[in-house]
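As structure tokens, the structure follows; a few thoughts come after it.
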Amino acid sequence: MYRLLVVSFLFLFFMSCKEKPKQIAMMDYKPAYHFSPDSNWMNDPNGLVYYNGEYHLFYQYNPFGNKWGHMSWAHAVSKDLMHWKGLPIALYEEKNTKDNDTTMIFSGSAVIDSHNTSGFGINGKGPMLAIYTSHVHNNLVPIAQHQSIAYSNDNGVTWTKYTGNPVLDIKSIEFRDPKVFWYTPQQKWVMVVSKPDEHETWFYQSKNLKDWSFMSKWGKSGDTARVWECPDLIELPVAGFNETKWVLFSSAGHPQKPYVGMQYFVGDFDGTKFTPDHEYKEPVYLDFGKDFYAAVSYNNAPNNRKIMVGWLNNWEYANDIPTGDKWRGAYAVPRELSLVKDEKGYRLIQKPVSEFDAARKEVFSLSNKKVDSTFDLTYKGDSYELELTIEPGKAKYAGVNILKSEGESTILKYDVGLNQLSLDRTHSGNVSFNPKFPSIEKSTVFLKNGLLHLRVLVDKSVVEVFANGGETTITDLVFPTKKEGQIQLFSEDGNATFKEVKVYAINN
Ligand code: FRU
């Protein structure tokens, strides 16, 4: 017995001395203040509509897994665009009894039919109504894409699909993503919908949301490298001028081929057709990162605010991003849009909504710091906003390394000579899950009175950069494999002055 004890003791001692296998820290990529589903796959935002004090967010969702498939509309609501409450799935994929086909619920929009033009309301109140693409397929082989509607009389919680669906069918397998809004001057509904393979947006009208008639089409301009999807059309006042312009959006090609991205066109809309201000031989892109796509704006937002929500991903690698088994997909912080005009024409400005600003709490600040190579902030973290005002001065380059650990860093760098802001994620962490992922994003940004102003929203696996008050945005995903989260200011070939450095924690 004793010998047995000694042998057991020696055995246990020997085992405990052996080198233990190294624990690889499981990285948590779930954003803390960006919307993402608790489980499963999510892509485009759908049905963005404000009603009775709540922002509704429906979204492309796979109830059965963490990759694209079985597309349905999931649902969440928020009072402040920052804190979201999940609600039951609104619209499920349908199994069709005949032919074994299935109809997925593809992207679309939602309206509040306050005059009950559709007749689907009850007790003198109009319904909330969703207009979506019914994508019919057999074992994923597309059979049809047409537009269908569904209505809800309980604030979007439960839905009834219209028995007369589809409401708009042109017998095509490429016809999708209807955005519907009320056009006040002519008291009618307008639908903008994509004809993806023709790089066009088509315009329809209706008095009752059930009967739609064709008005016009526009496209084959700007970037036609990829199909056109998820159109949107909004009217915006031009800051400082007594005029409004219409802005048409399309999710399509990207400044760097062959990625997908978004472009926009400024022009006029007379209720029937869109007329751009110029030919758009050169595309105008909305965001210069790889991960801002399928963005659309809210209907009915208070005070005529134009608030846009975009999906943080790129179809080139969307299904492969290494967020773990549980969930896949996140949205950018909702952006408030405005329009400015200068000698070069009209330009869109994108800013995080003011509700985001209200959720910030300053946790670190530094001013007038001269940097002549590198300077590490004492603050570290993986979820915050960093706000910087940089005077590059005589330096050739100035910038900041974020989510930095031994051997890893995401580099935001300004090249003074080229007037170029770049975001380099080639050494940001795990970049090997898809050969298309490692990349450097670039955009022209001019200094203002010798200064560059940057707001950098960092949230575990999300980086959103707003340069010079939202004139330029760069949005990218990153997957650091270590947790140090250092922030390092730098300059190259000369001193740069960091006039103001602030870090904010985001209350979520
Ligand atoms: C855009 C898109 C839409 C389509 C949806 C399907 O990302 O391809 O055109 O409706 O995704 O999930």
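Some points to look at:
- Counted residues, segment 174-185 - those being open to solvent by 10 Å² or more (accessible area, probe 1.4 Å), of a type outside the set (Asp, Glu) and within 11 Å of the ligand (Cβ to nearest atom): 1
- Among the residues of segment 85-114, those that are exposed (fewer than 12 other Cβ atoms within 10 Å of the Cβ) and farther than 20 Å from PRO45 by Cα comprise LYS95, THR97, LYS98, ASP99, ASN100.
- The set of residues in segment 254-269 being within 16 Å of the ligand (Cβ to nearest atom) and farther than 14 Å from LYS281 by Cα consists of HIS254, PRO258, TYR259, VAL260, GLY261, MET262.
- Among the candidates LYS171, LYS188, LYS245, LYS195, the residue that is over 21 Å from the mean Cα position of the chain (by Cα) and open to solvent by 50 Å² or more (accessible area, probe 1.4 Å) is uniquely LYS171.
- The selection criterion, being assigned to a strand (DSSP E or B), touching a strand residue (DSSP E or B) at 6+ places or on another chain (Cβ under 7 Å), at pLDDT 95 or above and more than 16 Å from the ligand (Cβ to nearest atom), does not hold for HIS34.
- Selection within segment 137-155 - of a type outside the set (D, E, K, R) and not in a strand (DSSP E or B): ASN139, LEU140, ASN153, ASN155
- For segment 309-317, the count of residues that are farther than 26 Å from HIS56 by Cα and not β-branched (Val, Ile, Thr) is at least one.
- For first residues located in segment 61-73 and within 14 Å of ILE321 (Cα to Cα) and within 9 Å of the ligand (Cβ to nearest atom), partners that are among the aromatic types (Phe, Trp, Tyr) and not in a loop (DSSP other than H, G, I, E, B) and lie 6+ apart or on another chain with Cβ distances below 6 Å form the pairs TRP68/TRP41.
- Residue, nearest to the ligand (Cβ to nearest atom), within segment 117-136, restricted to residues that are open to solvent by 10 Å² or more (accessible area, probe 1.4 Å) and in a strand (DSSP E or B): HIS135
- Entry remark, segment 26-58: residues being open to solvent by 20 Å² or more (accessible area, probe 1.4 Å) and within 26 Å of PRO302 (Cβ to Cβ) number 6 in total.
The values are calculated or read from the model by the stated rules, or taken from the named source; none is laboratory data. Just so it is clear, the model here is predicted, and its values are computed rather than measured. Please note: Cβ atoms are built from the backbone with ideal geometry, for glycine as well, and neighbour counts cover all protein chains shown. Side chains are part of the model used for accessible areas, which takes the heavy atoms of the whole protein and leaves out ligands, DNA and RNA. Shrake-Rupley method; radii C 1.70, N 1.55, O 1.52, S 1.80 Å.
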